[in-house]
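Single-structure report; data block below.
The values are calculated or read from the model by the stated rules, or taken from the named source; none is laboratory data. What you see is a predicted model, and the numbers here were worked out from it, not measured in a lab. Heads up, the Cβs are rebuilt from the backbone with ideal geometry, glycines too, and the neighbour counts pull from every protein chain shown.
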Amino acid sequence: MSLTDTTELARTQRTSFLDELAPLLRLRWLQLLTLAGLLVVVGVVAFQIKLFVLDLDIWWHLKVGDWIVQHAAFPHTGVLSRTAATRPWMAYSWGFEVLLSRFYAWFGLIGLGLYGTLLTLAVAFSVYWMVRRLSGRFWFSCMLAAITCYSFLFLMMPRPVFFSIILLCLTLTWLLQAQCQGRMQTLYWLPLIFFLWANLHIQFIYGLAMVGLFLVVNAAQRLASRLGLSPAWLEDPTLPLTPLIGMFAACVLATLISPYSYHLYGVIFAYSRSTLIYSIIKELQPVSFRGYENFVELLLAGAAFLAVGWQKKVDLFKLGLLVVACVLAFRTMRDSWFLCIAAAACIADVPVADAERDAAEKPWELAGVFATVAVVLLLLSSGTDFTTRGLDRAISSRFPVNAVNFIHQNRLPGPLYNTFDWGGFLTWYMPDYPVVIDGRTDLYGDQLNQLLFATRSGDQSYKNDPYLNQAGVVLLPRQDGLVSTLALDPRFQKVYQDQIAAVFVRAN
């Protein structure tokens, strides 16, 4: 048999196998079971790694939520802090924080873990939903959603940014579908989305910038067309410009319907001017490409550019979105999700024949999937140590629970001096000792952050730290350089040490 005959036989056998497999892959129960399985895997991983209760920042979010509920008001200064109590500050994620506070009030530590797990599952499903709506193909959507989630989901803590991811998936899906179908009606939900977004997370500005880019690209293309400068290889705009402008204006106005109104934009401007936090906080630094996930992210970006460029006509909005997303993601590791979501949408939004599309899941089918996921995760929760005792052990292994108990039992006099990492936890677990610093970097500013981070290093500049000089009790991670420095300082006496923390008091 010749090489040509062998190749033809192999192709025939492969085609025959795919033809036999196709009816099986179209079985509805198999598709729904696969979707449930995908979500179960995400939930089990969330149970096992317990990111939510190990997050350094989740505790101050919880305490702020408690403060809002207790006072029936919204903070405008640095509540919970000793050094910045009178500085202006806004709880720009108050919706996330109030929900978090209620979950803890109702269910305790399990409530915290449950809240984080539900957010993680919601992100995974939102990515799947976006890809499914754009591509119309079930198995392709499952595969692409799994790859996309792998590239960023478990590199992040379940914080308010998870709401941004969910709402970005909705917004981007509707923008691309409106462009494809030429129907403005698809976009009429966007003002409501931005109203919710502005009350859940400050990164609503990313979504607003995306909608603004969509508007600018459409306006520029229409202007170029009138001037006879529109090349044949560019995709033509399909939406009327005037309603687009009105829709964008409505989205902007919707972001002003919050307890802080237009002042939220001042917070965004202040963040853009910060410099120190980008050099000292790891997640705000550029992508290091030390993990497999970073390379998957890079491959997604490359595949997205290929998908956009491979079409007969190039969509300038998609191209511009990918460029902006690359700048954000590769500059700041924490924003990798933005590139991954944008890339997945561009890959999914490639035209396919109607015959290749699968029927969308019906609401009752999705309800069955969610019920199945809930039951399976409930059965698996104890096996993954997702219990009150297991969560308590996880917290005690990361945070100075025993050291704080020692301070309380011995009624050590304040004020407290603490370092950045544990500040958020201490606002919640030791609220009677206001912290020197916590994770709200926008509250403390570069000058105060620089002073406190320099003190933590343990060099001789620590003697010029007025907050340390005033402290009655000092609580530090055992491995901090300041621990060995204070051990030699006659002004302080070490009174407690364990595997995690060290406690000093001012010597008489």
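Of the conditions (1) crowded, with 21+ Cβ neighbours inside 10 Å; (2) modelled with pLDDT under 95; (3) not polar (S, T, N, Q), Leu426 fails just one. Which one is it?
Among (1) crowded, with 21+ Cβ neighbours inside 10 Å; (2) modelled with pLDDT under 95; (3) not polar (S, T, N, Q), the lone unmet condition for Leu426 is (2).
Among (1) crowded, with 19+ Cβ neighbours inside 10 Å; (2) farther than 21 Å from Leu99 by Cβ, there is one condition Ile202 misses while meeting the rest; what is its number?
(2)
So for segment 196-205 (the condition being in contact (Cβ under 8 Å) with a residue 12 or more places away in the chain and farther than 27 Å from Met90 by Cα), does at least one residue qualify?
At the first step, the residues of segment 196-205 found to be in contact (Cβ under 8 Å) with a residue 12 or more places away in the chain are 196-205.
Then drop every residue that is not farther than 27 Å from Met90 by Cα, which leaves none.
Within segment 196-205, none of the residues are in contact (Cβ under 8 Å) with a residue 12 or more places away in the chain and farther than 27 Å from Met90 by Cα.
Taking into account only those residues within segment 68-100 that are of a type in the set (Gly, Ala, Ser) and farther than 17 Å from Phe162 by Cα, which is surrounded by the fewest Cβ atoms within 10 Å (Cβ to Cβ)?
Ala72
Scan segment 25-51 for residues that are without any contact (Cβ under 8 Å) to a residue 24 or more places away in the chain and within 13 Å of Leu377 (Cβ to Cβ) and jot them down.
Gly37, Val41
Kindly establish whether Leu299 is assigned by TED's automatic domain parsing to the domain that holds Met90 and farther than 30 Å from Ile147 by Cβ.
no
Applying the selection to segment 461-495, what residues are of a type in the set (S, T, N, Q) and either free of Cβ contacts under 8 Å to residues at least 40 places away in the same chain or farther than 22 Å from Asn410 by Cα (or both)?
Correct list: Ser461, Asn464, Asn469, Gln479, Ser484, Thr485, Gln493.
Would you kindly identify the helices (runs of 4 or more DSSP H) lying entirely within segment 332-451 that contain at least 1 residues that are among the hydrophobic types (A, V, I, L, M, F, W, C) and within 26 Å of Ser272 (Cα to Cα)?
Working: elements: 336-348, 363-381, 388-398, 401-409, 420-429.
Where helices (runs of 4 or more DSSP H) fall fully within segment 332-451 and carry at least 1 residues being among the hydrophobic types (A, V, I, L, M, F, W, C) and within 26 Å of Ser272 (Cα to Cα), they are 336-348, 420-429.
Would you tally the residues in segment 215-237 being touching a residue at least 60 places away in the same chain (Cβ under 8 Å) and touching a Gly at 6+ places or on another chain (Cβ under 9 Å)?
Selection size over segment 215-237: 1.
May I ask you to list the residues in segment 48-83 that are at positive phi and of a type in the set (D, E, K, R)?
Across segment 48-83, the qualifying residue is only Lys50.
If you scan segment 366-417, which residues turn out to be touching a strand residue (DSSP E or B) at 6+ places or on another chain (Cβ under 9 Å) and not aliphatic (A, V, I, L, M)?
Phe399, Pro400, Asn402, Phe406, Asn410, Pro413, Gly414, Pro415, Tyr417
Can you find a residue in segment 352-373 that is under 17 Å from Trp174 (Cα atoms) and buried (at least 17 other Cβ atoms within 10 Å of the Cβ)?
No, there is no match, as no residue in segment 352-373 is under 17 Å from Trp174 (Cα atoms) and buried (at least 17 other Cβ atoms within 10 Å of the Cβ).
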